[in-house]
Amino acid sequence: MDIVKRYTLLYIFMNTGFIGNLLIVYYLSKGLTYAQIGIATSILTVGFFLFEVPTGVVADKMSRKLSVLVGFAINITAMIFLIFLRGFPMLLIYAIVASFGATFVSGSLQAWLFDNLKHLGMEREYRSLMRDIKTLTIPLSALAIAIGGILAQLYGFWLPLLLTLILEIATLIVAYTIPEYEFKKPERSYLSHTLHSFKDILQPQLFWLVVLSITVVMATNQFRKFFEPYLGEILAKSLGTTLMGTLGLLGIVESIVKIIPRLIGVRLRDSWSVKAYSLAPVVIPVLTALSVVYQNPLWIIAIGIFVTVIHTAFSFNLGIEIQYRIPSEKRATILSVYSMVSALVMSVFYFIYGFAVDWLGLGGARLVFAIALLVAGIFLKAGEIVGPLGETLRLRHAEAIPNER
């Protein structure tokens, strides 16, 4: 099996889980509150803040493959904690372990793939390869989550969680079989390398991309956070059942709203994909607000589809653009610094949002945060259109894409 096929299989196993965001309902079924879930999510993202740079430097100074393998092994441990979840303290332990494992993979996996392609003279195929990989992984992920929701309703959450654990073990095995070609290691010391990576990310060509990314990711996560219980409560009232009685439907809905539209997002024509990237900071908060103004299940599902398509196109373009703007010897560490900064902001967001939901209710919290993020998005768009950010936020890699007929 050639290296491209192995990476494809790796991404398939890594992105195919049977639980998805139904995990929130799993937490609620264990007696946890929205505030506790928000605190645990905040700790999870704080873990990214604490661990991202050290693990990124391990990848740049030692081995990206080793970093990824360690991360996958820790993820397996975290999944075991999740399966045997008992109460809030154990949820916190899971959050810490999961964040530690994820940081070993974050940045390192993309850098490992990009540098392997570069060694083989295939770096120009990175965009098309990632598009083809996502074309395969997204439908499989959709199918797995739909099946997981049905299994959770019929047999309980233990079965989809166990199946997800098996997939994570398979991910580790496949990753082990992929070679790591020689890459350029930084000559600076650990501390110097890290400080220079922080300095690089503060340069305008990266800094404003990071600000844009955090704004859009926050807007998207705000739409998705507690989406299942929000829609589940509306469905339960319409169908005369309970939240747990909607798990099968919620699994199918998650496939329709969050998974299948991702396939559309990565397969958009390049010109449309670039437009979605440009519109994302404003359109996503507007759609979130509209999901509260009119609380009809079909309307909310339709809005969710649009949000996922736009965000997928945005993140697809942003991820490629960042890879093109950073040097090989700093790639994993700079990506880790980027994830770390994003995690710090998101940890504050999740902490506040969990308490806001308990205080204002799901609908009220969604509306308030959507308006605030819309204001932030408008400022970024104004800076791009009439201010100094036009050149910085432009997708330079897109200029190399052949013109569409």
- Distance from the range 75-143 to the range 1-33 (C-alpha centre basis), Å: 9 Å
- Inter-label distance, nm, simple model (7 Å from Cα along the C-beta direction), Ile83/Leu279: 4.4 nm
- Write down the Kirkwood hydrodynamic radius of the chain, to one decimal in angstroms, obtained as one divided by the mean of 1/r over all alpha carbon pairs. 21.7 Å
- Correct response: the longest run of the chain lacking exposed GluC sites (Glu not before Pro), defined by DSSP loop and at most 12 other Cβ within 10 Å, is 188-403
- Multiply the residue separation of Ala302 and Leu92 by 0.36 nm, subtract the distance between their alpha-carbon atoms, and state the gained length in nm to one decimal. 72.2 nm
- Subtracting the Cα-Cα distance of Val368 and Val348 from 0.36 nm times their residue separation yields 5.6 nm
- Query: Within the chain, which DSSP H helices have Cα atoms that stretch 27 Å or more along the helix axis and a mean Kyte-Doolittle hydropathy of at least -1.0?
  - Reply: 34-61, 64-83, 87-105, 126-155, 158-177, 204-224, 270-293, 297-325, 331-385
- Query: Using the beta-carbon distance between Leu154 and Asp358 and R0 = 22 Å, what value does 1/(1 + (r/R0)^6) give for FRET efficiency, to the nearest 0.05?
  - Reply: 0.10
- Message: Helix-only estimate, please: 222 nm mean residue ellipticity of the chain, summing -39500 (n - 2.57) across DSSP H runs of length 4 or more and dividing by its residues, to the nearest 500.
- Response: -27000 deg cm²/dmol
- Query: Taking 0.36 nm per intervening residue step and subtracting the Cα-Cα distance, what contour gain separates Leu140 from His119 on full extension?
  - Reply: 4.6 nm
- Item | Check: the range 81-182 dipole with +1 on Lys, Arg Cβ and -1 on Asp, Glu Cβ, in debye | 320 debye
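Every read-out reported here was derived from the displayed coordinates using simple, explicitly stated rules and does not represent laboratory data. Every value quoted in this text rests on a predicted model; they were computed, and no experiment measured them. Don't worry about glycine lacking a Cβ; one is built from the backbone with ideal geometry, like all the others, and counts go over all protein chains shown.
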